[in-house]
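To start, the structure itself, in structure tokens.
The values are calculated or read from the model by the stated rules, or taken from the named source; none is laboratory data. Predicted model, so just to flag it, every value in this text is computed and none were measured. Here Cβ is always computed from backbone atoms with ideal geometry, including for glycine, and neighbour counts include all displayed protein chains.
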Amino acid sequence: MHRAIKDNDILLVYDKQCPACDNYCRMVRIRGSVGKLKLVDARESSEIMNEITAAGLDIDQGMVLKMGGALYYGADAIHALALNGSRSGVFNRINYWIFRSRMLSKIIYPFLRFCRNLLLKILRKTKINNLGIVGNDRF
């Protein structure tokens with residue numbers, strides 16, 4: 001059962017079947033003053049997944065952060081998470097120092113996506129294919 005989404009909730013939509021993505025998303029924290037971070041599995045049907053698909057964003061190629069009514073995709077999502085993130089704990093401090101730079105986020109994110117896709121290929125996972133692209137079901 002899903003809890004109601006509030007106006008100050010921040011949604012992080014990602015592929016929960018990816019062990020690397022799942023670990024990252026469970027470890028990342030945002031400052032309480034920003035809102036409450038809610039994790040959403042992109043493989044489950046939801047209003048936010050409908051919104052992501054309507055926006056033409058391929059969830060297999062990047063996580064999505066919905067904050068303040070705006071959608072942040074891929075490198076922009078990880079950058080926005082870093083800027084709004086908590087600095088408590090080693091992981092969150094490292095996350096902030098690496099991804100606070102938009103340029104560095106745009107350089108590093110494609111490599112992280114490549115590693116994710118390779119991991120999911122090795123694990124024989126199927127793509128989510130939220131855009132319904134024919135022949136786009138395998139990594």
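Among residues of the stretch 74-99 being among the charged types (D, E, K, R) and either within 16 Å of the chain's Cα centre (by Cα) or in a helix (DSSP H, G or I) (or both), the one that is modelled with the highest pLDDT is ASP76.
Among the residues making up the stretch 103-130, a single one is in contact with a Leu (Cβ under 9 Å, 6 or more places away or on another chain) and loosely packed, with under 15 Cβ neighbours inside 10 Å: THR126. Being among the small types (Gly, Ala, Ser) and touching a strand residue (DSSP E or B) at 6+ places or on another chain (Cβ under 6 Å) is a property that does not hold for GLY89. Considering the conditions (1) closer than 22 Å to ILE122 by Cβ; (2) surrounded by fewer than 20 Cβ atoms within 10 Å (Cβ to Cβ); (3) touching a residue at least 24 places away in the same chain (Cβ under 8 Å), THR53 is excluded by exactly one of them, (1). Condition (residue is of a type in the set (S, T, N, Q), loosely packed, with under 14 Cβ neighbours inside 10 Å and either assigned to a helix (DSSP H, G or I) or out of contact with any Leu (no Cβ under 7 Å at 6 or more places or on another chain) (or both)) applied to the stretch 61-72: is it met by at least one residue? No - not one qualifying residue is present in the stretch 61-72. Of all residues assigned to the stretch 29-44, at least one qualifies as being more than 14 Å from the chain's Cα centre (by Cα), closer than 14 Å to ILE10 by Cα and outside any loop (DSSP other than H, G, I, E, B). Summed over the stretch 119-135, the residues that are modelled with pLDDT under 95 and under 15 Å from ARG43 (Cα atoms) give a count of 0.
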